[in-house]
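> Okay, handing you the structure first.
The values are calculated or read from the model by the stated rules, or taken from the named source; none is laboratory data. Values in this document were obtained by computation on a predicted structure and should not be read as measured data. Please note: Cβ atoms are built from the backbone with ideal geometry, for glycine as well, and neighbour counts cover all protein chains shown.
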Amino acid sequence: MLVTHYSPRELRAAKEQLTSFAVKARYAIKQNDVRPISVRFSAKFSDYNANVRYTSSEIIFSVSPTWIGVSEEIVTGLFQHLFSKAYKLRIRTMETDLYHSFTQKLSDYIHVTSVDHELKASFDRMNERFFSGMMEVPNLKWGSASTTKLGDFNFHTNTITISTIFQGAPDLLLLDFVMYHEMLHKKHKFKATGNSHTYHSSAFRRDEALYGVPDIEERLQKYCRTYQFAKKKSSLHSFLRKWAP
């Protein structure tokens, strides 16, 4: 959603409304900070993202315009969550509970607009094997060639992103494990406690172990190290041809 979808008058009204929600959020957690609060909309954010930064004279919230029109209780929970991270507090309110519940359910309602063919094949294999084919397909895309962040599930955009180091790789066992791991995030979501989130619960780890390859982590580490070495030597093509299961 682009900011330009709103008229200047609508944006001014939305900024005033969200700023009032932010002021109420700070008051509710009883902070004595009296710096003025401002809200800015940014089309650079993915849907339903936001952050906060401080200067010596003000507190600035930058938010996705998709927050326009969301209920006051949920948006207040968003601001309380950001305040709790900034002030390093552990708080839980009805509003933060509503915000976390809203975030967890977002992926159930986001439209799927981008599905890579190779990733879809991996998703389908894992879906049939572990979810009886019942998990709905999210957005599936390639990310960067990262050997540290192999995959990610974004609740806000219902998107699984996989490192391109697995693109075209002959050992599907590795790609499928990373895909399965991210699908488990979609299934188990997260548990919010104060200003922290738990993504790898005991139930998550039990499901992950069902993949049935005890040394899969070691295999991934070896693959990543070898990929990094091959990249430095400009021999990725040879690397991908020789790396077979």
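> Is there a residue in segment 34-56 that is among the acidic types (Asp, Glu) and either more than 24 Å from Thr113 (Cβ to Cβ) or not assigned by TED's automatic domain parsing to the domain that holds Lys88 (or both)?
Taking segment 34-56 as the starting set, the residues that turn out to be among the acidic types (Asp, Glu) are 47.
Remaining after also requiring either more than 24 Å from Thr113 (Cβ to Cβ) or not assigned by TED's automatic domain parsing to the domain that holds Lys88 (or both): none.
Looking for residues that are among the acidic types (Asp, Glu) and either more than 24 Å from Thr113 (Cβ to Cβ) or not assigned by TED's automatic domain parsing to the domain that holds Lys88 (or both), one finds none in segment 34-56, hence no.
> Further, regarding this structure: In segment 105-172, which strands (runs of 3 or more DSSP E) lie fully inside it and hold 1 or more residues that are in the same structural domain as Leu78 (by TED's automatic domain parsing), in contact (Cβ under 8 Å) with a residue 12 or more places away in the chain and closer than 19 Å to Asp207 by Cα? First the steps, then the outcome.
Numbers: elements: 139-142, 151-154, 159-162.
Here the list is empty.
> Could you tell me whether Glu208 is touching a strand residue (DSSP E or B) at 6+ places or on another chain (Cβ under 7 Å), charged (D, E, K, R), modelled with pLDDT of 95 or more and closer than 30 Å to Glu128 by Cβ? Give the steps one after another, and end with the answer.
Numbers: touching a strand residue (DSSP E or B) at 6+ places or on another chain (Cβ under 7 Å): no; charged (D, E, K, R): yes; modelled with pLDDT of 95 or more: yes; closer than 30 Å to Glu128 by Cβ: yes.
In short, no.
> Further question: For a quick check of your reading: which strands (runs of 3 or more DSSP E) sit entirely within segment 1-99 and have at least 3 residues that are in contact with a helix residue (DSSP H, G or I) (Cβ under 7 Å, 6 or more places away or on another chain) and among the aromatic types (Phe, Trp, Tyr)?
Details: elements: 37-41, 50-54, 59-63.
Fully inside segment 1-99 and qualifying: nothing.
> Determine if segment 16-34 includes at least one residue that is touching a Lys or Arg at 6+ places or on another chain (Cβ under 9 Å) and surrounded by 15 or more Cβ atoms within 10 Å (Cβ to Cβ). It would help to see each step written out before you state the result.
Start the filter on segment 16-34 by keeping residues that are touching a Lys or Arg at 6+ places or on another chain (Cβ under 9 Å), which leaves 33.
This time we only want the ones that are surrounded by 15 or more Cβ atoms within 10 Å (Cβ to Cβ), so: none.
No, because not a single residue in segment 16-34 is touching a Lys or Arg at 6+ places or on another chain (Cβ under 9 Å) and surrounded by 15 or more Cβ atoms within 10 Å (Cβ to Cβ).
Yes/no per residue for (1) surrounded by 15 or more Cβ atoms within 10 Å (Cβ to Cβ); (2) more than 19 Å from the chain's Cα centre (by Cα):
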{"site": "Ser57", "(1), (2)": "no, yes"}
{"site": "Ile60", "(1), (2)": "yes, yes"}
{"site": "Gly69", "(1), (2)": "no, yes"}
{"site": "Glu73", "(1), (2)": "yes, yes"}
{"site": "Phe79", "(1), (2)": "yes, no"}
{"site": "Ala86", "(1), (2)": "yes, yes"}
{"site": "Arg90", "(1), (2)": "no, yes"}
{"site": "Glu95", "(1), (2)": "yes, yes"}
{"site": "Thr103", "(1), (2)": "yes, no"}
